[in-house]
Amino acid sequence: MKNIITVILLTFTLCINAQDFKTHKVQKGETVESIAKQYFVTPFDILALNPDAKSGFSYDMVLIIPNSNVKNLSDLNDKQLVGFESHKVKRKETLYSISNKYAVTIEDIKKQNTFLYSQNLKRGDNLKIPKFKTIKTQETLKNSLQKYVVQPKDGKWGIAYKYGITIPELEALNPRMNEILQPGEELVVPNIADNEVKTIEDEQYNYYEVLPAEGFYRLEIKLGLKQAELEALNPNLKEFGLQPGMILKVPNDIKNSFDLGEMRVETTNLSKKINNLSKKSIAVMLPFRLHRIDLDSVAEAKDLMRSDKLLSMSLDFHSGLLMALDSAKQLGISTHLKVFDTRSQISEVTKILQENDFSLYDAIIGPITPSSFDRVANTLKSQKVPIIAPLTHPTKLYDNVFQTLPDKDRMKQALINYMKTEENIARVVIISDSKNRSLSDELKGSFPAARQMYSRKNKDGKDGNYLHLADFNDVFRPGKNIVFLETDSDAFVANILSLLNGLQTEKTQIQLATTNVTKAFEGESASSLHLSNLNFHYASFNVPINEATSNGFVKKYKETYGVLPNKYAVRGFDITLDVLLRLASSDNLYEASNEVMETAYLENKFKYNKKLFGGYYNDAVYIVKYDNLNIVEAKQ
């Protein structure tokens, strides 16, 4: 559609988000009608989200349950206030847990404790809890969902906008939906009144999404529209005010647009948002394997530290963690730290879990090996203890898991999106071996005019991992040429780096990139000088500290430990400080991570997103490049 931005939309009214879905395991004797009554939804709502259940229930079948139009029975009845009772807030209690305990709404509690409208709930607060008497009415439940038949020219974003939900929410409601919608296809959408369904006026208007921290003044500078003009176009602004993710209707000649998937969220400084100074309890699980070390033999201990990678990694991470605790202390955040040696053994992890009450902890960092991490996360998920995966990708993303490393697909897409914004590109070339042919084809889809080149074959018909200089005749054009190199072969990387460096001239610039930084780009055969000459770009979860620059952390670390910090020490610092600051700026880690915000520290940054049925994953990615033999952030 002309001049309409492709965005993930958020509206003022009905919003079905990840927290609005529940799961229910079918018990013996249950029917769709009995389950619907239990959750205050209709049988249609359940069957719409669980088409397999139409043929009948099976014992232990897991159903997806949508959010009800009512939160509890009191919403179906009139309430009469009959008195009050007092409640003293305990550690880890939230308004949500207290409202559930007394079967009242959060708003009911706030009305009787008006200070909660301007202050956060704190341990020790004395609350006045209202008691109600319910008067039965004859209200009936309405379907929360309805069916929608795809029309010609319909796209995901348009349907999501019309019905007041985001594209991920539309996809969550329709897990079998095709990427490209076909006319006549049936989808499930929220059941809202006809007059609430929005109309897309693409000929007369454009649409803009409000960024976090944007106010009317900043929008006036960016869009050239005063507050009164925006309110005239968007009447709901007067009632709800500006909200991050809000979609504003703007004049058609305003072209300021972007893709929410690549939304540049302003970095949040959590040290300025500290409001919860209660002592934080943090557990750390690392595979030191100290039982193998003879503490009486200094020489033996040093040898083991040099030869044992797990021990060395654990010690470095732990050293950075301790530095983070010291930094947090200077901000007024005190911490109770408990360190556990997992010995890199599942049996030891099981023993630790059996002998300790981890419900008392605000967060657990580690273990760092996937199998041990999975055991801890699975065991403690029912207690809702946040588990932080510091150095690896968990095999399963349980509801209580925080995955700190971005997914490879996310990093690949970030690099592609970055390259699409490069200006004055003369040509795009994609070089790969046969193993990465599918990746080459995927890049070709993103850059249709790109030229694809493949490794030459040897006599056996296998990749020879080389190209000849003659293969590049008439390939490059005057100006900037982007070359994607996709391989995990050391020999192929060395071959291509040498050829491209020789082909680069003042008139023909070559910029190298890859969507997957394999070890081949980091080995001895990959010349740092060649990579720097080719302005090598890739996606990364971190930007290495430049040791030549002045850095208080590097200076203090060297004074404390006598060496410069490596990437594991810095990551231990960044992850731990982020966890502590999030805990100090909210009631718990979940609440602190539900808000879309990005935090950045020495080398790493974090922007957590919640999976619909699963935990939190870090969506923050750097695009970095080689510049004068240094790795720096690439900025446009």
Flagged in the range 533-548 as open to solvent by 20 Å² or more (accessible area, probe 1.4 Å) and either aromatic (Phe, Trp, Tyr) or part of a helix (DSSP H, G or I) (or both), in numbering order, are Asn533, Tyr538, Phe541
Residue pairs within 7 Å by beta carbon, gap of at least six or interchain, first lying in the range 36-53 and touching a residue at least 12 places away in the same chain (Cβ under 8 Å) and closer than 18 Å to Val189 by Cβ, second open to solvent by 40 Å² or more (accessible area, probe 1.4 Å) and of a type in the set (Val, Ile, Thr), listed first then second, are Leu49/Ile64; Asn50/Ile64
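Out of Tyr538, Tyr568, which single residue is within 27 Å of Ser438 (Cα to Cα), touching a residue at least 12 places away in the same chain (Cβ under 8 Å) and of a type outside the set (A, V, I, L, M, F, W, C)?
Only one candidate passes the filter, namely Tyr538.
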Taking first residues from the range 404-420 that are touching a residue at least 24 places away in the same chain (Cβ under 8 Å) and second residues anywhere that are surrounded by fewer than 18 Cβ atoms within 10 Å (Cβ to Cβ) and among the charged types (D, E, K, R), the pairs with Cβ under 8 Å that are 6 or more apart or on different chains are Ala414/Glu262; Asn417/Asp259; Asn417/Glu262
Of the candidates Thr140, Thr105, the one satisfying the condition of being at pLDDT below 85 and more than 27 Å from Glu591 (Cβ to Cβ) is Thr140
The residue from Ser319, Ser314, Ser327, Ser271 that alone is open to solvent by less than 60 Å² (accessible area, probe 1.4 Å), modelled with pLDDT under 90, among the hydroxyl-bearing types (Ser, Thr, Tyr) and part of a helix (DSSP H, G or I) is Ser271
Picking from Leu397, Leu405, Leu467, the residue that is over 30 Å from the mean Cα position of the chain (by Cα) and part of a loop (DSSP other than H, G, I, E, B) would be Leu467
Within the range 157-175, identify whether any single residue is modelled with pLDDT under 80, open to solvent by less than 20 Å² (accessible area, probe 1.4 Å) and at positive phi, and answer yes or no.
yes
Residue set Lys351, Lys329; condition free of Cβ contacts under 8 Å to residues at least 40 places away in the same chain, in contact with a strand residue (DSSP E or B) (Cβ under 9 Å, 6 or more places away or on another chain) and either under 23 Å from Lys567 (Cβ atoms) or of a type outside the set (A, V, I, L, M) (or both); output residue Lys329
Those residues of the range 330-344 which are modelled with pLDDT under 95, open to solvent by 60 Å² or more (accessible area, probe 1.4 Å) and not in a helix (DSSP H, G or I) amount to Leu331, Arg343
Residue hits (the range 490-532; assigned to a loop (DSSP other than H, G, I, E, B), hydroxyl-bearing (Ser, Thr, Tyr) and open to solvent by 60 Å² or more (accessible area, probe 1.4 Å)) are Thr505
Q. Based on what the data block shows, is Asp463 modelled with pLDDT under 95, open to solvent by 20 Å² or more (accessible area, probe 1.4 Å), in contact with a Phe, Trp or Tyr (Cβ under 8 Å, 6 or more places away or on another chain) and over 28 Å from Lys635 (Cβ atoms)?
A. yes
Within the range 111-137, of all residues that are among the charged types (D, E, K, R) and open to solvent by 80 Å² or more (accessible area, probe 1.4 Å), the one modelled with the highest pLDDT is Lys128
The one condition Gln452 fails out of (1) at pLDDT below 95; (2) under 33 Å from the mean Cα position of the chain (by Cα); (3) open to solvent by 40 Å² or more (accessible area, probe 1.4 Å) is (1)
Screening Ile388, Ile416 for residues that are hydrophobic (A, V, I, L, M, F, W, C) and in a helix (DSSP H, G or I) leaves only Ile416
Counting only residues in the range 431-449 that are within 29 Å of the chain's Cα centre (by Cα) and either in a loop (DSSP other than H, G, I, E, B) or touching a residue at least 24 places away in the same chain (Cβ under 8 Å) (or both), the one surrounded by the fewest Cβ atoms within 10 Å (Cβ to Cβ) is identified as Ser446
If we ask which residues in the range 549-573 are open to solvent by 50 Å² or more (accessible area, probe 1.4 Å) and either under 19 Å from Tyr622 (Cα atoms) or small (Gly, Ala, Ser) (or both), their number turns out to be 6
Only one of (1) farther than 16 Å from Leu286 by Cα; (2) open to solvent by 30 Å² or more (accessible area, probe 1.4 Å) does not apply to Met419, and that is (2)
Of the conditions (1) open to solvent by 20 Å² or more (accessible area, probe 1.4 Å); (2) within 26 Å of Pro386 (Cα to Cα); (3) not aromatic (Phe, Trp, Tyr), the single one that Thr576 does not satisfy is (1)
Considering the range 143-155, residues that are farther than 18 Å from Pro66 by Cβ and either part of a loop (DSSP other than H, G, I, E, B) or modelled with pLDDT under 75 (or both), and then whichever is least open to solvent (accessible area, probe 1.4 Å), we arrive at Val150
Are any of the residues in the range 48-66 within 30 Å of Pro130 (Cα to Cα), modelled with pLDDT of 70 or more and under 34 Å from the mean Cα position of the chain (by Cα)? yes
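The values are calculated or read from the model by the stated rules, or taken from the named source; none is laboratory data. If you're wondering where the values come from, they're calculated on a predicted model, not measured in any experiment. Using ideal geometry, Cβ is built from the backbone for each residue, glycine included, and neighbour counts are taken over all protein chains shown. Calculation scope for accessible area: heavy atoms of the full protein, side chains included, ligands and nucleic acids excluded. Shrake-Rupley method; radii C 1.70, N 1.55, O 1.52, S 1.80 Å.
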